Amino acid sequence: MKEKNYYIKRFIPYITKYKLLIFLSLVFLFTSTLSSMVIPYLSKQAIDNFIKAKNTQGLIKISIFIIIAAVILFISKILQIYFTNLAGQKIMKDLRHDLFAHMESLSVSFFSKEPSGKIITRITNDVENMNQLLSSGIVALLGDVALLVFAIGFIFYINPKLAAIVILPVPFAVIAAVVLGDKMERLYEKVRDLVVKLNIEMQETLSGIVLIQTFGAEKSQIQKFESIAEDYKKVFHKAQMTSIILKQSINVLSYVSIALIIIFGGILTVKGTATVGTIVAFLAYINSLYGPLRDLSDKFSILQNAISSMKKLNNFLEVDNPIKDPETPVYKDITGDIRLEDVFFSYDGKNMTLKNINLEAPHGKKVAIVGFTGAGKSTIANLILRFYDPDIGKVLIDKTDIKKF
Ligand SMILES: Nc1ncnc2c1ncn2[C@@H]1O[C@H](COP(=O)(O)OP(=O)(O)OP(=O)(O)O)[C@@H](O)[C@H]1O
Ligand SMILES: [Mg+2]
């Protein structure tokens, strides 16, 4: 957990930069949830206070309130999405900018080690995971939490005794969502890995088809493919079953809550400590309670993906360029006298590519560097361009160490 916090920390300034937008989206999240939660409460008032009393005036008033709540819900939902997406996309733009700028600032040595295809796939994939989180994941998660809190708040406000009873199955639903959700997520991750494996197998067979057919390796090739396909079939089936069991368990628990409302709400109504309106309102709130739990695991998976991407993006952003510019660079007109003094250099820190190189190439003179392939000619040019710094010795231009420019 501590480790996760450390990765997340880097991204906090991206978010705090748009405090106002995020604050506004939270305000509208609050008003939209509240206005949707107020509707069952108004229905209860209509049933208990006005239908019984045959008060049409009151009923009209309640209906108007319900319509007002619906309009507020409509407007605040749109504003909430508007502000969240605006903040999210601004954050994404900053993040893309920083990643790009960082990539440009990295040393040639980094790119000679990391294939560019890998860098691009990783960055685009991780950026997309962050995008998912910012554009929908986090809002949905917060929205669900708000819905849960409000629904629980309202039922306890209306009738604490009944609320305490009908809420009993909820902890089981939470446990199911967490435990089965976690299991499901891990299975789907395996499924994704297996898809990649299937694709690799397919690709390798395609590119090697001439060799495979020449040497009659079709049988062994299909056996390999089949064993991955078999794994895929098993894991995918298991993942789907887990998902169905999760959703259905929560469904069943919601029906248990409904049954509890009917039994105990009914008994309390007969006793006079609850009303028909209470029962109607409870039925609506219980629906808002179980809905979020049903797809909580989907949202957690978005969150988990984003956190693991944060870790990777953070690692990438922390890659340092070993070639440092000086604090106060020397500016002067350059004639172009090049000198290498006792230069030792190694790419990998083990094998010395250049050993004790002393070389002078004065301005205006032609100097030829001759050697076998792999002798280190291009390496010398790399050092003069300062793509790398020598391990020992100096590269001088006009008698000034190039590290000082
Ligand atoms: N980016 C790199 N990372 C690690 N090792 C490298 C890198 N570039 C070159 N080398 C190694 O350093 C040694 C010198 O390579 P260099 O390219 O300087 O040779 P060269 O003299 O220019 O050869 P050629 O005549 O083939 O161009 C070789 O053994 C090479 O494998
Ligand atoms: Mg070369």
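Each reported figure results from applying straightforward, stated rules to the coordinates on display, with no laboratory input. These numbers come from a predicted model, not from an experiment. Methodologically, a virtual Cβ is constructed for each residue, glycine included, from the backbone with ideal geometry; neighbour enumeration extends over all protein chains shown.
Considering only THR400, LEU20, VAL270, the residue lying farthest towards the positive end of the dipole of the chain is VAL270, judged by Cα position with unit charges set on Cβ.
If you place +1 on the Cβ of every Lys and Arg and -1 on the Cβ of every Asp and Glu, how big does the dipole about the Cα centre of the chain come out, in debye to the nearest 20?
The calculation lands at about 1160 debye.
Compared with the dominant Cα axis of the chain, that is its longest principal axis, helix 19-45 is turned about 20°. Net charge in the neighbourhood of GLY137 (other residues with Cβ under 13 Å of its Cβ; Lys, Arg +1, Asp, Glu -1) is -3. Principal-axis analysis of the Cα atoms of the chain puts helix 2-16 at an angle of about 80° to the longest axis.
Do you know the Lys pair count in region 338-404 for C-alpha distances under 15 Å, with sequence separation 8 or more or different chains?
Values: LYS355/LYS377; LYS355/LYS394; LYS394/LYS403; LYS394/LYS404.
Final tally of qualifying lysine pairs is 4.
The HN-Hα couplings worked out from phi for region 117-123 by the Karplus form 6.51 cos²θ - 1.76 cosθ + 1.60 (θ = phi - 60°) are x, 5, 4, 5, 4, 5, 5 Hz, whole numbers, x standing for Gly and Pro. Taken over the chain, the alpha-carbon convex hull comes to 223 cubic angstrom per residue.
Using a cutoff of 8 angstrom between alpha carbon atoms and counting only pairs six or more residues apart, the relative contact order for the chain works out to 21 percent.
Gain in length, PHE405 to ASP325, computed as 0.36 nm per residue apart minus the alpha-carbon separation, to one decimal in nm?
That works out to 28.1 nm of additional length.
List the pair-distance distribution P(r) of region 194-326, using every Cα-Cα distance, as the percent of pairs falling in each 5 Å bin from 0 up to the bin containing the longest distance, rounded to whole percents. Over region 194-326, the share of Cα pairs per 5 Å bin runs 2, 8, 9, 9, 8, 9, 9, 9, 8, 7, 6, 5, 4, 3, 2, 2, 1, 0 percent.
3J(HN,Hα) along region 49-54: 9, 9, 5, 4, 7, 6 Hz, from the Karplus curve 6.51 cos²θ - 1.76 cosθ + 1.60 with θ = phi - 60°, whole Hz, x for Gly and Pro. The relative contact order of region 258-358, computed from alpha carbon pairs under 8 Å that lie at least 6 residues apart in sequence, is 13 percent. Applying the criteria of a DSSP loop state and at most 13 other Cβ atoms within 10 Å to the chymotrypsin sites (Phe, Trp or Tyr not before Pro) of region 195-300 yields PHE215. For PHE225, neighbours were defined as the other residues whose beta-carbon sits under 13 Å from its Cβ, and their charges (Lys and Arg +1, Asp and Glu -1) total -2. Farthest toward the positive end of the dipole of the chain, out of GLN132, ALA173, LEU34, is the Cα of LEU34, where the dipole comes from beta carbon charges about the Cα centre. State the Cα centre-to-centre distance between region 106-130 and region 167-193 in whole Å. So the separation of the two Cα centres works out to 33 Å. Remark: relative contact order (region 338-404) = 42 percent; criterion is Cα-Cα distance under 8 angstrom and separation of 6 or more residues.
The Cβ shell under 14 Å around LYS90 holds other residues with a net charge of +2, Lys and Arg each +1, Asp and Glu each -1.
Given the convex hull of the Cα atoms of region 114-182, what is a quarter of its surface area in nm²?
Working: hull surface 25.8 nm².
Directional mean of the projected Cα hull area for region 114-182 stands at 6.4 nm².
What's the angle, to the nearest 10 degrees (0 to 90), between helix 296-318's Cα axis and the longest principal axis of the chain? Between the helix axis and the principal axis of the chain, the angle is about 20 degrees. Cross-link partners of LYS9 among lysines, defined as those whose alpha carbon lies under 22 angstrom from its own and excluding same-chain residues fewer than eight positions apart: LYS17, LYS19, LYS90, LYS93, LYS299, LYS311, LYS312.
Is the shape of region 338-404 rounded, prolate or oblate, going by the alpha carbon gyration tensor and its root eigenvalues a ≥ b ≥ c, with a/c under 1.5 for rounded and a/b larger than b/c for prolate? Verdict is oblate for region 338-404.
Give the lysines whose C-alpha is closer than 26 Å to that of LYS61, dropping any in the same chain fewer than 8 places away, or say none. Output for LYS61: LYS44, LYS52, LYS77.
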